[in-house]
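The values are calculated or read from the model by the stated rules, or taken from the named source; none is laboratory data. No experiment lies behind these values; they were computed from the predicted model shown. A quick note on method: Cβ atoms are made from the backbone with ideal geometry, for glycine too, and the neighbour counts reach across all protein chains shown.
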Amino acid sequence: MPLVSPHALANLTAATAENLYQTLTIDQLELKDRTEHLCKHAQVSIATCPKTGSGVLHLLKKFYAMVPSISGNSSDRLTDQFNTPKSSKRLPWLDMAKAYGMFLVYYGHFVEKIAEHQGYLAETAAYKQYKFIYAFHMPLFFILSGFVYKYKEQSLGSFIYQKVLTRIVPALFFNFFAIGIYFVDHIVRSNNGFGERYSVPTILINILTGYPFGNFLTWFLFCLFTVELLNHLIYPLTKDNLWKRCGLAIVTLIVGYYLGLHQSINANLPFQGLRTWYFNEALVGLSFYQFGFILRQSGMVEWFEKPLNRYVGLGLTLIVTVATFNLNQGPFLDPRNMVALALTSYGNLFLFSITAITGSLFVILLAISLPGIKGITFIGKSTLILLGMNFFFMDIAKPMIGKIGLSIFENWLIVTVFCIGITLISFVVTVPLIQLLHKLLPQLMGRPKAKGPILPALLS
């Protein structure tokens, strides 16, 4: 005999079914919301770490296949989201940060010319600005390069060939470009010592040893080539392990600093010794390159994107950078008594490291915080050409500053306005050349896969 009547049992069953349906519906809605949230994270992951992001995407697709009722066409939508061209995955703030970094390069070189005319006097506005910028602006570019690094399974020969096309070929182009301009100047003025400075043997030795021969500012491209080669060789030992990467960053920084401080080690070595292909400088650059990789893999950028973290970070990094750059009083190898990576001049190792990292983070946070502007991102995408052309504007600025007179540059505001103004003018003047080179010779501008009207694609 049943404990309840058939009618009561039917009502109970109906009520239970209704409750179960409601529960399942709620659970599915919650599950859908959570899945959508995970999709957003996957989108960020694949932009910053393709390996992790792709793994998340794979799992999401499997989940959608198992639970089609909540997914609808979500699986297809996911595929559309993630199978976008590589160009669309470019992080806008990266171009902004590169643009700000290149602004600092130009500004730093123009303020250097003022400081040079003033005799590098420590109490002048120009010198203080010069020393501040040089404390972190080149580490910034190594950090950004490390941030975008993605390991690719390829032979050493293939890797070197690719990097020669993207780093060394542009460096050689702008060195010969500079020599061409100096040759024209020699014909016009006949007093610039062209023949002595640019002899064929000198050029060949510099090419073989990875050293600029006409445009010193291209040293960064030679050095970056060595940094990326070292990173490629070391990658099997570290892979994506953040602790190993941190250890590598510390070791290379200390070793690079020591070798730079003891230049006498090079005395009995052929050619440029350990400075061949900027090996000394590359060890220090490799340290910051690792920091950029760590910055991406650790998710620190996503943490900084939160408004509170972002603004607190901006304030703290600026305060620490301003407070520490002038505390670094040596020992410097640069006779100007300041940080100069290209001359292995770092001063105090600890203060140099702190200032380089906090100053770079400030620029990155600034790029994340400010809205993307088309003109600025254009500059960020054109930093290679701007780097190659910087020598031209420096040569123009030097006599200009002398004619204006030094007394006017004793004022902080005038120094700042002048350097900002001439930097912006330089950028604007270079725009037509940027467009022309990208159109006619993209293969020589770090885009070897591109096809142009003059040269075929250099890399398939």
Completion exercise
Filtering the stretch 429-440 down to residues that are surrounded by 18 or more Cβ atoms within 10 Å (Cβ to Cβ) and within 16 Å of VAL169 (Cα to Cα) yields LEU437
Exercise for the section: Determine whether GLN443 is part of a helix (DSSP H, G or I) and touching a Gly at 6+ places or on another chain (Cβ under 7 Å). Expected result: yes
Problem - Residue check for MET394: part of a loop (DSSP other than H, G, I, E, B) and assigned by TED's automatic domain parsing to the domain that holds TYR134 - result: no
Handout entry: Filtered residues of the stretch 342-364 (kept if crowded, with 22+ Cβ neighbours inside 10 Å, of a type in the set (Val, Ile, Thr) and modelled with pLDDT of 95 or more)
Key = THR355, THR358, VAL363, ILE364
Exercise for the section: Kindly establish whether ILE408 is of a type in the set (Val, Ile, Thr) and surrounded by 15 or more Cβ atoms within 10 Å (Cβ to Cβ). Expected result: no
Handout entry: Qualifying residues in the stretch 271-280 (those that are part of a helix (DSSP H, G or I) and out of contact with any Gly (no Cβ under 7 Å at 6 or more places or on another chain)) - the one modelled with the highest pLDDT
Key = PHE279
Exercise for the section: Would you check if there is a residue in the stretch 341-351 being over 25 Å from ALA249 (Cβ atoms), free of Cβ contacts under 8 Å to residues at least 40 places away in the same chain and assigned by TED's automatic domain parsing to the domain that holds PRO212? Expected result: no
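Yes or no, residue by residue, for (1) of a type in the set (Val, Ile, Thr); (2) more than 30 Å from SER298 (Cβ to Cβ); (3) touching a Pro at 6+ places or on another chain (Cβ under 8 Å):
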| residue | (1), (2), (3) |
| --- | --- |
| TYR134 | no, no, no |
| HIS137 | no, no, no |
| LEU144 | no, no, no |
| LYS150 | no, no, yes |
| TYR161 | no, yes, no |
| ASN175 | no, yes, yes |
| ASP185 | no, yes, no |
| SER190 | no, yes, no |
| GLY193 | no, yes, no |
Completion exercise
Out of (1) more than 30 Å from ALA115 (Cβ to Cβ); (2) assigned to a helix (DSSP H, G or I), the one ILE414 does not meet is (1)
Problem - So ALA99, is it in contact with a Phe, Trp or Tyr (Cβ under 7 Å, 6 or more places away or on another chain), of a type in the set (Gly, Ala, Ser) and modelled with pLDDT of 95 or more - result: no
Problem - Candidate set from the stretch 137-187 (those that are among the small types (Gly, Ala, Ser) and assigned to a helix (DSSP H, G or I)); member that is surrounded by the most Cβ atoms within 10 Å (Cβ to Cβ) - result: ALA171
Practice task
Could you tell me which of the residues LEU361, LEU349 is within 18 Å of HIS262 (Cβ to Cβ), among the aliphatic types (A, V, I, L, M) and touching a helix residue (DSSP H, G or I) at 6+ places or on another chain (Cβ under 6 Å)?
Solution key: LEU349
